[in-house]
Amino acid sequence: MEGKAVHFDLTDLRLFVHIAEMENLTKGAQKAYLSPAAASARLKMLEQQLDSRLFYRDSRGVTLTQAGETLLRHARLILRQVEHVKSEFAANGADTAGHIRIYANTTAVTEFMPEVLGRFLAERPEVTVDLQERLTRDIVRSVVDGSTDLGIVSGPVPMQGLQALHFSTDRLVLVTQKGHPLSQRKKIVFADVLNYQHISMHEGSTLHAFLLELSAQHGHTLTLRIQVRSFEAMCRMIEAGVGIGILPESAAIRHRKTMKLAVIQIDEEWALRERSVLVRDMDALPGCAKALVAELMASGSGGSNAAD
């Protein structure tokens, strides 16, 4: 017996993805510019086509079934590829037009991507970019499932069907107020800082998550005095004597020029990490995304840089 033919409608796939991401049918319908009634009817037809239930529904919203999780993975890949095809043909395969989605760690978003994108976009006024800060595990998962074009991470990368292109090296350092008991040290290890109060990046930053995990591995809970949203704010708090902090060397050195800070090397293997751009399939990327990867590779060719 032959299987039932399934014909996908891109509008239905977009609607399904919106509902899944919003975890709410009404909000998903709004993003798809459909009424809730029309969205419900389309969703019902999609479920009938697939002969599978895609969502569990309750008073709080909707959650994906196992079949829904499978469809979401495929739908994202299909929709991203459709966008890539549009971009390629819109610019006849050139790199001067299109849209790129990038998920990156804290340092990429705040430290070096503004400069890289500034140069890149100045030469390509018809390219648009969606740059979002994400945790490393979310970046890897999103590149794998096709919900983002590029991922930028530091440190070891689990190879889950990904291409990881190393483009520079980063370093984490300890920063203290001048006159702090640790400020005269040339090098420290992580155990040396565990009993001090720390200035940290905000919840959800890759650096914050990394240090909490590292502390747990040492059987210790890191004492957080205050959490902020930028490396400049971290350095200002450190200069004021509120606490100490671990941050990228590039940020520490830049802010040391205008603040009274001491920068101490961390004598641990994890402090020196490779910075990589992740792609699912380089050949499948639109021209503008390939050009941005080339720009990233060129930006790191001048030597080591610090990053989260």
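Nothing in this text is a laboratory measurement; each read-out follows from the coordinates by a stated rule. Nothing here was measured: the structure is a model prediction, and the numbers come from that model. Glycine gets a Cβ as well: all are built from the backbone with ideal geometry, and neighbour counts include every protein chain shown.
Percentage of Cα-Cα pair distances in the chain greater than 29 Å, rounded to whole percent? Show your work: numbers first, answer last.
Working: 22628 of 47278 pairs.
Tail fraction, whole percent: 48.
How large is the charge dipole for the range 71-191, taken about the Cα centre, if only the Cβ atoms of Lys, Arg (+1) and Asp, Glu (-1) carry charge, to the nearest 20 debye?
Around 720 debye, computed over the range 71-191.
Longest span of the chain, sites excluded, free of GluC sites (Glu not before Pro) in DSSP loop with at most 15 other C-beta atoms within 10 Å? Please list the in-between numbers first.
Details: sites that count: Glu2, Glu23, Glu123, Glu203, Glu268.
My reading of the result: 24-122 is the longest stretch.
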At R0 = 30 Å, how high is the FRET efficiency between Ser35 and Leu10 if r is their beta carbon distance? Nearest 0.05 is fine. 0.95
Be a star and scan the range 226-261 for residues whose amide nitrogen sits under 12 Å from the point 7 Å along the Cα-to-Cβ vector of Glu295. none
Considering only DSSP beta bridges with both partners in the chain, what is the antiparallel share in %, to the nearest 5? 60
Relative contact order [Cα under 8 Å, 6+ residues apart], the range 52-145, whole percent: 25
Which whole-number percentage describes the relative contact order of the range 10-74, with Cα contacts under 8 Å and a sequence gap of 6 or more? 28
Length-normalised contact order of the range 170-272, Cα under 8 Å, at least 6 apart, in percent, tallies to 49
Could you give the size of the charge dipole of the range 170-272 about its Cα centre, using +1 on the Cβ of each K and R and -1 on the Cβ of each D and E, expressed in debye and rounded to the nearest 20? 560
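Determine the sum of side-chain charges near Lys178: Lys and Arg each +1, Asp and Glu each -1, restricted to other residues whose C-beta is under 11 angstrom from that of Lys178.
Values: positive: Arg256, Lys260; negative: Glu239.
Every neighbour counted, the sum reads +1.
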Neighbours of Pro158 by Cβ distance under 11 Å: Lys/Arg at +1, Asp/Glu at -1, summed charge +2
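Just subtract the alpha-carbon distance of Arg57 and Gln265 from 0.36 nm times their residue separation and send over the number in nm, one decimal. Before the final figure, lay out each step's value.
Numbers: separation 208, 0.36 × 208 = 74.88 nm, distance 5.28 nm.
Once the chain is fully extended between Arg57 and Gln265, it gains 69.6 nm.
Would you compute, from DSSP H runs of 4+ residues alone, the mean residue ellipticity of the chain at 222 nm, taking -39500 (n - 2.57) per run and dividing by the full residue count, rounded to the nearest 500?
Numbers: 10 runs with 122 residues, N = 308.
Using -39500 (n - 2.57) per qualifying helix, the result is -12500 deg cm²/dmol.
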When His99, His18 are arranged by how many other beta-carbons sit within 10 Å of their Cβ, fewest first, they go His99, His18
Distance-filtered residues of the range 94-112 - backbone nitrogen under 12 Å, label point 7 angstrom along Ala122 Cα→Cβ: none
Lys/Arg +1, Asp/Glu -1 at C-beta; the chain dipole; positive extreme among Gly61, Ala37, Ala251: Ala251
If you place +1 on the Cβ of every Lys and Arg, -1 on the Cβ of every Asp and Glu, and leave all else neutral, what size is the dipole of the chain about its Cα centre, to the nearest 20 Debye? 760
With 0.36 nm assigned to each residue of separation and the Cα-Cα distance removed, Met45 to Arg256 gains 69.9 nm
